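K.L.:
Sharing a structure below in structure tokens format, with a few things to ask.
Just so it is clear, none of the values below were taken in a lab; they were calculated from the coordinates. The model shown is predicted, which means the values in this text are computed figures rather than measured ones. Counting neighbours? That spans all protein chains shown, and the Cβs are built from the backbone with ideal geometry, glycine included.
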Amino acid sequence: MEYNKIKITAAQAERICLDLYKIRGSAMPLPGEIDFNFKIEGSDGEGYILKISRPNEHTEYLDFQQKLLQYVYDYGEGVLSPKVINDCNGLAISEFTDDNGQMRKVRLLSWIIGRVWSTVNPQQDDLRYSLGEQSGKLTKALQGFDHPKAHRQLDWDVAQAAWAEAHVALFEGEEKEIITYFQDQFKKAQPTYSLLRKAVVHNDANDNNVIVSYDLVGPKVVSAIDFGDSVYTQIINDLAIACAYTIMRHNDPLAAALPIIKGYHESFSLTPLELEHLYNAIAMRLVISVTKSAINKIKEPDNHYLLVSEEPAWELLRKWRLVDANFALYSFRDVCGFSAHPNEILFSAWASQQTFSLEKLFPTIKSNQVHHIDLSVSSTWIGHQKDFNDLDYFQFKINRLQNEVPSKILAGGYLEPRPIYTSDAYDKIGNKGRESRTIHLGIDFWLPALTPVQALFEGEVVAAINDAGDKEYGGLVILKHKEDKLEFYTLYGHLTVSSALKNKIGDTLKAGEIIGELGSYPENGNWAAHLHFQVMLSMLNYKIDYPGVAYYHQLAVWKSICPDPNLLFKSEELRSNTSISNGEIIAYRKQHLGKSLSLQYKIPIKMVRGAGQYLLDQFGRKYLDTVNNVAHVGHEHPDVVKAGQEQMALINTNTRYLHENINNLAKELLKTLPPELSVVHFVNSGSEANELAIRMVKVVTGEQDILASEVGYHGNTNICIDISSYKFDGKGGKGAPEHTHIFPLPDAFRGKYRGKNTGELYAQEVQKQIDLIHAKGRKVGGFIIEPIISCGGQIDLPIGFLELAYKHVRAAGGLCISDEVQVGCGRMGKAFWGFELHGVVPDIITIGKPLGNGHPLAAVICTKEVAKKFANGMEFFNTFGGNPVSCAIGTEVIRVVKREKLQEHALKVGESLKLELKKLSVDFPIIGDVRGEGLFLGIELVDAAMNPLAEQTDYLANRMKEHGILMSTDGPDHNVLKIKPPMVFTQENAIELVYYLRKILAEDFMVSF
């Protein structure tokens, strides 16, 4: 019958509920394939689900559902399920006649409080684990239940999916190939699939049948509803269905499935044989879904529910087709606590009885001793990124190291996270942002080019190729071995192409037979001459090649597939080193470091390497750094590093000796400044710079009183704390000292005065403080402020404020200090120094963080008049300030800014980013203000009443970190995200930043306010 003729309206549902159950309430339609479902909001305050069948539905089928629900309700330990509610006559299944004279069945169930899975954002691993956990508990609860109708014909039963093959003509091209592939695989699996455990299962844990708690952070699955598709079938199908619907819309569906499988197994133990069929079962549920959608487009085009999963199901099917079935199986086994590869233990046992000399592998090298070489991301030996990418230099270092240990073979690398694999070529976008293949799966042996390599044991050649074009292996040979009924493979990479290609597929090489010779760059694919030796227990789907590096999050699986080659050689030097865990580092910090020393993020990160705008953790994961303005021209900029290294190798001493480096840095700085600012003093940090500036003020003016902004921060020395409202007005502070005078934060967005044209009003607040000083019979010493107030929340100074404030201060005899520690050296884009944005020239400027690019270096630059009065006979001397190494570094930083046009770059990228952030604020009103200049921007989060949203800001920063983007919060209310990345931050980085901000701003916790 036509769908619209049998459809039930909300008004009809309300009447039916009242007539049959004496429950008055409002009805809201819910999705359903067969039944017409409604949520009833009862006048009694309770919630219900009203389920109305299609005409002439079989009572036996509905009886099956009702008895199943009651069984779960009675016996399901830890399972929350709907309760069956009888009608006024005590019947679990009621009846009524519709307007067409058709008999309809009616059921009423209790409402499970929560929200459906499809409305939850984000769907994180903990949530997916809870889905598996609850699904497993439900399966366990149903073990003792059966019913005749459970054994019915059902299209949605994966075990009965053969029916879909008759409809393959509905598809063409890629879609037809995918459907056919999975159907063929499913048919091949039937001999063992048919033997799997069976039971009555829910069979429909789709994203609209799974109920999730209302928790906005850390939600959990509380129930599964709608048992209409329950059936007696293979138990593994139930898990497959839970996976199929809830891993849709993920870049890496396999990774998304694993927490579900883990949770299910921990509630209801799965067998290894069942796991062998899970990959296909997931695929076949999707095949059923898209086939049903194709049929229903013709059959019931008006029933949109029947098509709701079509597009995401196809997207997932395409991705699932690309997942190696064996790798998926090994991943399933791993999360269920089995060895990922079934033969891992067997291989280890066999290898434990073998010992192979390295002379067997390299017959011309008369040595079995190894010198371990560390090429990990944490290695100091490999040095700077520029160094290990310089192949000639790397070969020189290898040769030099070999000369130091002439009787040993340089070797290492198994499971090393290597920085050389962190280029974009080794990247993918996973479920949590960018991922790099960094984990090295073999051992490298560094030996002279053309060193012969021979087979350790007899093997069949299964691959012999020229892989140099991909810059990974060069000449590559893979052998297949059978030892004591154990099958495994060995890989020999970085051979000369000619020697590798002498081997023919299918050839058998005897133990001791030559496989090939080591190549050298560029023929060997990369780096200096060496052998990459790898053991594999499976070729997966690879035919002519094989990965030599893996993603860190797949480490446990790859470690099982590719066991340690040193199991064969048993070299003490090659045994894997265990690094200190993050937990151990944190524990030591807590015990022995100052308690006020905080860590960034709820789950801290260990950073071991920097490269441009990225930081790398000990596993090689790259984090886009949007907050570290200390690394002004990029983390470990090669020219800056080189300048420091070269000077450090010569001399580093104090300024009492002549050296041109201090003059060179002074010259570079003065070129960027107005002529009034012409005298330089060098110190070690921004705090020291501001300390010295305040000292100058007091000496020059003879006065002690300093004017500073509310929430200003100027350093951590005593004097700097005394002028930093951010500190003394915060936790542990005691308020402003006698000689510090704080004017209101000049914030035109949420400050004392708001909107345009507030500059004069805030300048009047400065005058008020001057008047208070005068009222005490004292005079003004100085005025200090950042051109954009950083810790105050990246606050742009209102137009005209600084010019008027300077006039007021100077009229009172005070000096004006511009704190450029955070904003200077070209970061503003429009100007090299922040004060230039306001059309003023200060008496003193202070410079810190950016000048040394991470090296402790700072400066105070003042007018000749200030310098002359400051030189009152008391010598200013700083042991390390102005030393040759620091000055060499600072000089190079300024030159890099100019040479690489980073100021212009900051203007272009910053303005573009600011525009995109403003567009973002239109879509997400939680962003109340976007402000700043160049690459020094701030995003302030507020609600509609302009109240600060600190929790949301913290949540956003921590979620961005999970996606590989480092952000930090600031401001007096901790509701401002600051963006002040290294100046090499690119337009592409800005696009990525905005993409993930948009993604996370749409999450439940962020939109809940």
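K.L.:
So how do 59-65, 908-914 stack up, highest first, on mean other-Cβ count within 10 Å?
P.N.:
908-914, 59-65
K.L.:
Kirkwood Rh, Cα Rg: Rg to Rh for region 355-428?
P.N.:
1.03
K.L.:
With +1 on the Cβ of every Lys and Arg and -1 on the Cβ of every Asp and Glu, and nothing else charged, how large is the dipole of the chain about its Cα centre, in debye rounded to the nearest 20?
P.N.:
Roughly 1580 debye, rounded to the nearest 20.
K.L.:
Give me the tail of P(r) for region 1-100 as a percent: Cα-Cα pairs with distance above 21 Å.
P.N.:
More than 21 Å apart: 36 percent of the Cα pairs in region 1-100.
K.L.:
What is the spread of the Cα atoms of the chain along each of their three principal axes, largest first, in whole Å?
P.N.:
Projected onto its principal axes, the Cα set of the chain covers 104, 86, 51 Å.
K.L.:
Do you know the relative contact order of region 3-110, to the nearest whole percent, from alpha carbon pairs under 8 angstrom that are 6+ apart?
P.N.:
23
K.L.:
Tally the DSSP beta bridges in region 805-962 and give the antiparallel ones as a percent, rounded to 5.
P.N.:
If I count the DSSP bridges inside region 805-962, around 80 percent turn out antiparallel.
K.L.:
For every helix of n ≥ 4 consecutive DSSP H residues, a contribution of -39,500 (n - 2.57) applies; sum these over the chain, divide by its total residues, and give [θ] at 222 nm rounded to the nearest 500 deg cm²/dmol.
P.N.:
The helix contribution divided over the chain gives -11000 deg cm²/dmol.
K.L.:
Continuing with the same structure: log₁₀ I(q)/I(0) of region 115-335 at q = 0.16, 0.18 Å⁻¹, via Debye over equal Cα point scatterers, no solvent, to two decimals?
P.N.:
Listed by q, the Debye log ratios stand at -1.11, -1.44.
K.L.:
On average over all directions, what projected area in square nanometres does region 238-288 have, based on the convex hull of its Cα atoms?
P.N.:
Its Cα hull, projected and averaged over all orientations, spans 3.4 nm².
K.L.:
Then there is this: Can you give me the relative contact order of the chain as a percent, contacts being Cα pairs under 8 Å and 6 or more apart?
P.N.:
About 8 percent, as a whole number.
K.L.:
Can I ask one more? Please determine, in degrees from 0 to 90 and to the nearest 10, the orientation of helix 759-775 with respect to the longest principal axis defined by the Cα atoms of the chain, where the helix direction is its Cα long axis.
P.N.:
50
K.L.:
Now, a different point. When we measure straight from the Cα of Lys299, which lysines land under 20 angstrom away, once same-chain ones fewer than 8 places off are left out?
P.N.:
Result set, ordered by chain and number: Lys5, Lys7.
K.L.:
Cross-link candidates for Lys864: which aspartates and glutamates have Cα within less than 14 Å, leaving aside residues fewer than 8 places away along the same chain?
P.N.:
Those aspartates and glutamates meeting the cut-off are Glu676, Asp843.
K.L.:
Over region 664-750, how many percent of alpha carbon pairs lie in each 5 Å bin up to the one with the longest distance?
P.N.:
Whole-percent P(r) values from 0 Å outward: 3, 13, 19, 19, 17, 14, 9, 5, 1.
K.L.:
Net charge near Asp392, counting Lys/Arg +1 and Asp/Glu -1 over other residues with Cβ under 15 Å of its Cβ?
P.N.:
Net charge around Asp392: +1.
K.L.:
Once you list every other residue whose beta carbon is under 12 Å from the beta carbon of Glu940, what net charge do they have if Lys and Arg are +1 and Asp and Glu are -1?
P.N.:
Around Glu940, the surrounding residues sum to -3.
K.L.:
Same structure, new question: Going down the table (Lys727/Lys768; Lys187/Lys262; Lys262/Lys319; Lys360/Lys480; Lys187/Lys559), which pairs top 25 Å between alpha carbons?
P.N.:
Lys187/Lys262; Lys187/Lys559
K.L.:
I'd like the distance separating the alpha-carbon centroids of region 341-401 and region 979-1009, in whole Å.
P.N.:
The two parts, judged by their Cα centres, are 41 Å apart.
K.L.:
Find which of Ile799, Asn947, Phe533 sits farthest along the positive direction of the dipole of the chain, computed with +1 on the beta-carbon of Lys and Arg, -1 on that of Asp and Glu, about the Cα centre.
P.N.:
So the residue furthest toward the plus end is Ile799.
K.L.:
In 5 Å bins starting at zero, report the fraction of Cα pairs in region 654-899 per bin as a rounded %.
P.N.:
Taking all Cα pairs of region 654-899, the binned fractions are 1, 7, 14, 19, 20, 17, 11, 7, 3, 1, 0 percent.
K.L.:
Now for a different question. What is the log10 of I(q)/I(0) for region 256-413, computed with the Debye formula using one identical point scatterer on each Cα and no solvent, at q = 0.12, 0.17 Å⁻¹?
P.N.:
Calculated log10 I(q)/I(0) at the listed q: -0.84, -1.03.
K.L.:
Moving on. What pairs from Lys671/Lys898; Lys830/Lys980; Lys667/Lys908; Lys901/Lys980 go past 20 Å between their alpha carbons?
P.N.:
Cα-Cα > 20 Å for Lys667/Lys908; rest within.
K.L.:
Roughly how many whole Å is it from the C-alpha centroid of region 58-81 to that of region 125-156?
P.N.:
Their Cα centres are 11 Å away from one another.
K.L.:
Can I ask one more? Cβ neighbours within 10 Å, averaged per peptide: list 198-206, 215-223 in order, most packed at the top.
P.N.:
The peptides rank, most packed first, as 198-206, 215-223.
K.L.:
Could you give the alpha-carbon Rg of region 385-466 over 2.2 N^0.38 Å, rounded to two decimals?
P.N.:
Ratio of Rg to 2.2 N^0.38 Å for region 385-466: 1.41.
K.L.:
Among 668-677, 962-971, how do they line up by average Cβ neighbours within 10 Å per residue, starting with the highest?
P.N.:
Peptide ranking by packing, descending: 962-971, 668-677.
K.L.:
Hey, another quick one. Any aspartates and glutamates with Cα under 17 Å of the Lys297 Cα? List them, leaving off those in the same chain fewer than 8 positions away.
P.N.:
The reachable aspartates and glutamates, counting only those whose Cα sits under 17 Å from Lys297, are Glu2, Glu33, Asp155, Glu172, Glu175, Glu310, Glu311.
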